Amino acid sequence: AIETMELEEIIVKGIKKEAAKLTKKLLAEKDALEIVNNHLIPALDIVGERYEEGKIFLPQLVQSAETVKEAFAVLKAEMAKNGDEDISRGEIVLATVKGDVHDIGKNIVKTVLENYGYKIIDLGRNVSENEVKKVVKDNNIKLLGLSALMTTTVKNMEKTIQIVKEENPDCLIMVGGAVLTPDYAEMINADYYAKDAKDAVEIAKKIFG
Ligand code: B1M
């Protein structure tokens, strides 16, 4: 019966309409970021593995991603209640790189950074190198965050870093996404590697205080 299902199971099965209710229930005992890290991400990892093994297909992958979005909408509203959104500690540009439409992670990072009082210019997903470069330049941005989730799109991340740095040598760049490692981040000339949203906040604090 659906009533006894855990949030993870709801996500893996893609039962979208149950996600908000179960998330609200969990919020009675846990904080929002804990639910992201201990429920949403592990569930998506299971979905990713099953997809890779050919046990589920693209429509189910999409359904699970939409279920997570429903759950995250509840968590985002909760975080906004306790946040520091009225002050601005610094302006950060975020984008998922060209060729990549995965934006759940970027959106989590965005929400948490906003929660800590940073102003975010969110360029969305599948963003070209030139668009990133232009926005960084036009707004004199000190910190840019790039996300990439696929082995194929980390190449575009590397290219974006190169193009941004050519014209904006003072802009610092942090990168994140499941396929990245600290070594790889260094290799593609990123200034910082963030393994999760908390890391991203620590980096922003270092730069803006
Ligand atoms: Co896709 N997908 N997907 N997918 N998908 C992966 C990434 C994959 C690993 C699944 C698999 O096969 N195991 C695989 C990539 C293989 C590879 O390259 N090694 C894959 C594939 C192949 C594809 C398609 C090609 C499938 C197809 O069409 N045949 C296609 C790609 C389309 C494209 O981009 N051009 C595709 C599509 C999709 C959906 C649209 C269905 C959906 C995305 C929906 C959306 O994002 N709006 C989807 C999903 C959901 C996944 C998995 C299951 C989950 C990704 C996710 O959201 N994780 C994923 C498998 C997996 O990761 N386990 C998979 C949760 C998220 C919170 O984690 O993004 O890592 P993550 O973010 C973390 C940290 O990494 C970090 O903080 C976040 C919070 O802790 N972080 C940052 C991330 N960005 C950061 C930026 C920062 C700082 C920290 O600073 C800027």
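Before moving on, here are some points about what is shown:
- Hits in the range 1-22 - residues which are within 15 Å of the ligand (Cβ to nearest atom) and part of a helix (DSSP H, G or I): 7, 8, 10, 11, 12, 13, 16, 19
- Every residue from the range 3-27 that is modelled with pLDDT under 95 and among the aliphatic types (A, V, I, L, M): 5
- Some residue of the range 122-144 being of a type outside the set (Lys, Arg), in contact (Cβ under 8 Å) with a residue 40 or more places away in the chain, assigned to a strand (DSSP E or B) and within 14 Å of the ligand (Cβ to nearest atom): yes
- Test: residue 178 is surrounded by 13 or more Cβ atoms within 10 Å (Cβ to Cβ), modelled with pLDDT under 95, within 11 Å of the ligand (Cβ to nearest atom) and part of a loop (DSSP other than H, G, I, E, B): yes
- Across the range 61-99, the number of residues qualifying as near the ligand (Cβ under 10 Å from one of its atoms) and assigned to a loop (DSSP other than H, G, I, E, B) comes to 2.
- Leading residue by the ranking (surrounded by the most Cβ atoms within 10 Å (Cβ to Cβ)) among those in the range 103-121 that are within 11 Å of the ligand (Cβ to nearest atom) and among the basic types (Lys, Arg): 106
- Close pairs (9 angstrom Cβ cut-off, 6 or more residues apart or separate chains): of a type in the set (Gly, Ala, Ser) in the range 181-209, more than 13 Å from the ligand (Cβ to nearest atom) and at pLDDT 95 or above anywhere: 190/158
- Out of 166, 158, one residue alone is within 20 Å of residue 102 (Cβ to Cβ) and in a helix (DSSP H, G or I). It is 158.
- Of all residues in the range 157-184, those satisfying the criterion of being under 21 Å from residue 131 (Cα atoms) and of a type in the set (A, V, I, L, M) are 157, 161, 163, 164, 172, 173, 174, 175.
- Residues that are surrounded by 14 or more Cβ atoms within 10 Å (Cβ to Cβ), more than 8 Å from the ligand (Cβ to nearest atom) and of a type in the set (A, V, I, L, M) within the range 186-201 comprise 188, 190, 201, listed in sequence order.
- Some residue of the range 43-53 being near the ligand (Cβ under 9 Å from one of its atoms), assigned to a helix (DSSP H, G or I), farther than 22 Å from residue 101 by Cβ and not aliphatic (A, V, I, L, M): no
The values are calculated or read from the model by the stated rules, or taken from the named source; none is laboratory data. All figures in this text were calculated on a predicted structure; none of them were measured in a lab. Neighbour counts are summed over all protein chains in view; Cβ atoms, including those assigned to glycine, are modelled from backbone coordinates with ideal geometry.
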